[in-house]
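What follows is a single structure, written as C-alpha cells, with notes after it.
The values are calculated or read from the model by the stated rules, or taken from the named source; none is laboratory data. None of the values given here were measured: they were computed from a predicted structure. Because the Cβ atoms are built from the backbone with ideal geometry, glycine has one as well, and the counts that use them run over all protein chains shown. Calculation scope for accessible area: heavy atoms of the full protein, side chains included, ligands and nucleic acids excluded. Shrake-Rupley method; radii C 1.70, N 1.55, O 1.52, S 1.80 Å.
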Amino acid sequence: MTDSAVIDIRPVTEEDLPAWTRAWGNGYLRPYAESSVDSIRSAAARDRLIGAFDRDRCVGTYRSSPQELTVPGGAVLPVSAISRVSVAGTHRRRGLLRRMVVTDLEEAFARGEPLAVLDAARYPLYGRFGFGPATAMAWFEIDVHRAGVDPLRTGDTSGVLLVDPREYLKAAPGVYERLRAIQPGALRRDEAWWQEATGQHVTGSASEGPEPFFALHLDPDTGEADGLLCFDAEETWEAMLPRSPLWVRDLIAVSPRAEAALLRYAVTVDWVTAVHLPYRAPDTLLPLWLGDPRAARISALSDYMWLRILDAPRSLSARTYGVDGSLVLEVADAAGYAAGTWLLEGGPDGASCVRTTRGPDLRIQVRDLASLYLGDDSATRLAVLGGTEEVRPGALARADAMFRTGRRPWSPRAVRGSRYQAGAP
C-alpha cells in the first residue's frame, strides 16, 4: 500500500482526463465512456479539477466551479461550487478527501470567493471542514386522482403553451434570471447549462430515458414568459388502464399565477396518474394550488445545499436582515478563515460587519453560522445542538429575528432525466 504522503494531490492536466473521468465514474457508479471525457474536458476549460494520483492511477477526484449565489436581499456573491468529489474504495481513510478540500478552500480564499457551496451525498463528511446545511429540499409525489383539479373548472391552465426546445431556450433563461434575482439560495445557470438541458448540446453526461416536453406560461397582460416547465412521461398501462408517471425536471415561475397554472397543467396531462416533483423548498406553495393539497405526499425530506463561510465580514454584510439590530458574534473556525469576533449591524436596508474587541453576544461554530446564513435554520435550535452558545440573554431571539426569512431559501435544481431516486446527489 502506497504511503498517503506520497500520493500526489494536484491540478488535472489534459493527459490526466481519461484516468480522472474513469475514477469519478467509478465513484458515482457510472460506466466509463469516451464521450464522458469530452464532457469533462469542456468543463475543465472553465472549472478547477483536482486529482489524487497514486503513481499513474487516479484514486480521487474533485471539481470546483466559479458560481454566483443569491443571498437574502437580492445581492449576488461569487462562490466556489464543489462537485464530483470521490475517493476510490482502495484509498479511503487516508486523508485524501481532507487534502483535496483543504487545497481547494485555500485557493478559493486566495481568489476572494467569500463562500463555498456543495451538495453533500453523505451527511457526516463536510461538517468537519466548516460546512453546514444551508437549504433543504422536499420531493413530492402527487396522486392525480386525488388532486381535485378539473381543467374545465378549478384547474385554470390558461397561458400555458407547449413549445419546442429552441423556443423554450429563447425564453427560459430570462425567466430563471428573474427568479434568481429574488430567490435566496439560487445559483447561476450559464449558456452551456441551458444548451445541455434542452438537448441543443449533448455531452457524455446527458441523461437517459424519455425525451422531455417543454412548456412556458405567458403573462396574459404582457405576453411575456413568466414561468417554465420541463417534464418527461412514460406511457404505462395496467389492466387496460393508463398508469403513466410524469416526472417534473424543472418548474420555475416568477408569479403565483404562473406557478399554479404550470402545476395544474402537469396534473391534467392525459393518461398521467402520478406526478413526481423533486427538489422543492419544504415550504413550497405548490401543493396548495391543488384542489386537495393532501394529494401531494412528501416522499423525501432532506438537507440540500451545504455552505462554507470563508470571508465572514463580506458574507454577513452582503445580505439584509429581517429587523434592525446588532450582534457580536464570536466565530470558531478551526481552519481560521472566518475565525474572530465580529460586530454585525444590519436590517432590511443593509448591513455592515467588522472585527471588534467587544465581548460576544453569541459564540458560534462556523458550520452553525453557515446554517443560519441564508435564513433556513434558527440560532435557538442550533444552541440546543451545542454548536451555538448564548452569552448575553436575548441574543438567540435577536439572532432569529435578524437571520430568519419569511420564506425558506431554495436552490432550484433541474433534473436531467427521469431515472433518478430521492436522495441521489
(request) Output the qualifying pairs, or none if there are none: Cβ atoms under 6 angstrom, residues six or more apart or on different chains, first residue in the range 230-255 and more than 14 Å from HIS145 (Cβ to Cβ) and open to solvent by 30 Å² or more (accessible area, probe 1.4 Å), second residue outside any strand (DSSP E or B) and not acidic (Asp, Glu). (result) GLU234/PRO210; THR236/ARG243; TRP247/SER418; VAL254/ARG178; VAL254/LEU179
(message) Exactly one of these conditions fails for GLU68: (1) farther than 30 Å from ALA312 by Cα; (2) touching a helix residue (DSSP H, G or I) at 6+ places or on another chain (Cβ under 9 Å); (3) in contact (Cβ under 8 Å) with a residue 60 or more places away in the chain; (4) open to solvent by less than 70 Å² (accessible area, probe 1.4 Å). Give me its number.
(response) (1)
(request) Identify, from the list PRO165, PRO184, PRO133, PRO114, the residue that is under 30 Å from LEU29 (Cβ atoms) and surrounded by 20 or more Cβ atoms within 10 Å (Cβ to Cβ). (result) PRO133
(message) Among the listed residues SER411, SER352, identify the single one that is polar (S, T, N, Q), open to solvent by 30 Å² or more (accessible area, probe 1.4 Å), in contact (Cβ under 8 Å) with a residue 24 or more places away in the chain and touching a strand residue (DSSP E or B) at 6+ places or on another chain (Cβ under 6 Å).
(response) SER352
(request) Out of LEU362, LEU329, LEU374, report the one residue that is open to solvent by less than 30 Å² (accessible area, probe 1.4 Å) and either without any contact (Cβ under 8 Å) to a residue 40 or more places away in the chain or among the charged types (D, E, K, R) (or both). (result) LEU362
(request) Considering only the range 55-75, state which residues are under 14 Å from the mean Cα position of the chain (by Cα), of a type outside the set (A, V, I, L, M) and farther than 30 Å from THR90 by Cα. (result) GLN67, GLU68, THR70
(message) Looking only at residues that are over 9 Å from ALA172 (Cα atoms) and out of contact with any Asp or Glu (no Cβ under 7 Å at 6 or more places or on another chain) in the range 219-228, which one is least open to solvent (accessible area, probe 1.4 Å)?
(response) GLY223
(message) Checking GLY95 against (1) open to solvent by 40 Å² or more (accessible area, probe 1.4 Å); (2) on the phi > 0 side of the Ramachandran plot, only one condition comes out false. Which one?
(response) (1)
(request) Can you give me the ranges of the strands (runs of 3 or more DSSP E) entirely in the range 317-392 with at least 3 residues that are small (Gly, Ala, Ser)? (result) 325-332, 340-347, 350-355
(message) Can you go through GLY185, GLY199 and tell me which one is on the phi > 0 side of the Ramachandran plot, modelled with pLDDT of 95 or more and assigned to a loop (DSSP other than H, G, I, E, B)?
(response) GLY185
(message) Looking at the range 286-329 only, could you name the residues that are of a type outside the set (Phe, Trp, Tyr) and closer than 13 Å to LEU374 by Cβ?
(response) ASP303, MET305, LEU307, ARG308, ILE309, SER315, LEU316, ALA318, ARG319, THR320, GLY322
(request) All but one of (1) more than 23 Å from ARG92 (Cβ to Cβ); (2) more than 21 Å from the chain's Cα centre (by Cα) hold for PRO11, so report the exception by its number. (result) (1)
(request) Output the residues belonging to the range 76-104 that are modelled with pLDDT of 95 or more, among the charged types (D, E, K, R) and over 21 Å from the mean Cα position of the chain (by Cα). (result) ARG98, ARG99
